[in-house]
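Novice: Supplied in structure tokens, the structure appears directly below.
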Amino acid sequence: MMQFSLIEFISNKGVKIYIIENTLQSSTYSNYTKIQIKKLEEEMKNLLLDKLELTLPNRTLRESCFYDVKQEKFYSVSHKFPLVAVAIHEARLGLDVEKISEKTLRVLPKITGPKEKETGIINGATKNEASFIWACKEALYKISKSNPYSFRESFELFDMKIPIAIGKILPENTSYLLEGFSYSDHWIVVASE
């Protein structure tokens, strides 16, 4: 039997962020296969969407920006077990949940563009900073109007003062506020209009 807790944040721009966390001890699910973890994420996502009375096209784990006609609001879904999150707002938005990990340090040079490298955004980055940057890029990807884009060539972060950054989608020439929330060794980042 799964156990969950529900947490709610409200960003400075009024974006409501709901997080459902599987509260089983990590030792309980550490032996789960990737398929079992995906099934748990799917169950958690459906539980959260049902609780919020949102409809997801085809109820897949596809993560992007959706519009709920009934509620007349945009929403975005993200997951990184044991967390699933949904952000809801009147305007387009993108959401990402990223576990703070060493892995993000390894991919950071591959996802940062020339201007970001010039400004030193990645010089000496910690795993916390690298995870925040990754989550920001993912949130920009999800709010973009025409994916797929390259994280390195299409998304640029500037004026970054964790947990806030400004991000730009270069092909669309649009900038967004990125707000981060640190929760349970994860970054939850929302990009909003």
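Here, each number is a calculation from the coordinates, and none is a lab measurement. Only a predicted model underlies this, so the values are computations on that prediction, with no experimental measurement involved. Neighbour counts run over all protein chains shown; Cβ positions are idealised from the backbone, glycine included.
Novice: Rank by packing, highest mean first: peptides 85-93, 165-173, with packing defined as the count of other Cβ atoms within 10 Å averaged across residues.
Specialist: Values: 85-93: 21.3, 165-173: 16.9.
Result, highest mean first: 85-93, 165-173.
Novice: Next up: Which option, [x] 137; [y] 110; [z] 119, is the value of volume of the Cα convex hull per residue in Å³ that was calculated from these coordinates?
Specialist: [z]
Novice: What area, in nm² and to one decimal, does the C-alpha convex hull of the stretch 97-192 cast on average over all directions? Kindly include the intermediate steps, with their values, before the conclusion.
Specialist: Details: hull surface 21.2 nm².
Mean shadow area of the hull around the Cα atoms is 5.3 nm².
Novice: Could you tell me the extents of the stretch 4-92's C-alpha atoms along the three principal axes, largest first, rounded to whole Å?
Specialist: 40, 29, 18
Novice: Can you list the lysines whose alpha carbon sits under 16 Å from that of K13, skipping same-chain ones fewer than 8 residues off?
Specialist: Within reach: K73.
Novice: Sticking with this structure for a sec: Straight-line reach only, C-alpha to C-alpha below 16 angstrom: list the aspartates and glutamates that K115 could link to, leaving out same-chain residues fewer than 8 apart.
Specialist: E153, E156, D159
Novice: Per DSSP H run of at least 4 residues, take -39500 (n - 2.57); add these up for the chain, divide by its residues and hand me the 222 nm value, nearest 500 deg cm²/dmol.
Specialist: Numbers: 6 runs with 57 residues, N = 193.
After summing the helix terms and dividing by the residues of the chain, the value is -8500 deg cm²/dmol.
Novice: Further question on the same structure: Taking 21 Å as the cut-off for C-alpha to C-alpha distance, list the pairs among K70/K168; K99/K137; K137/K161 that go past it.
Specialist: Distance filter (> 21 Å) returns K70/K168.
Novice: Given a cut-off of under 8 Å on Cα pairs at least six residues apart, what relative contact order in percent is computed for the stretch 134-193?
Specialist: Working: 99 pairs, mean separation 18.7, N = 60.
Averaging sequence separation for qualifying contacts and normalising by length gives 31 percent for the stretch 134-193.
Novice: While we're here: Give the relative contact order (percent, whole number) for the chain; include only Cα pairs under 8 Å separated by 6+ residues.
Specialist: Values: 375 pairs, mean separation 33.9, N = 193.
RCO, the chain: 18 percent.
Novice: For labels at T23 and Q3 in the simple 7 Å Cα→Cβ model, what's the distance in nm?
Specialist: Label-label distance for T23 and Q3, simple model: 0.6 nm.
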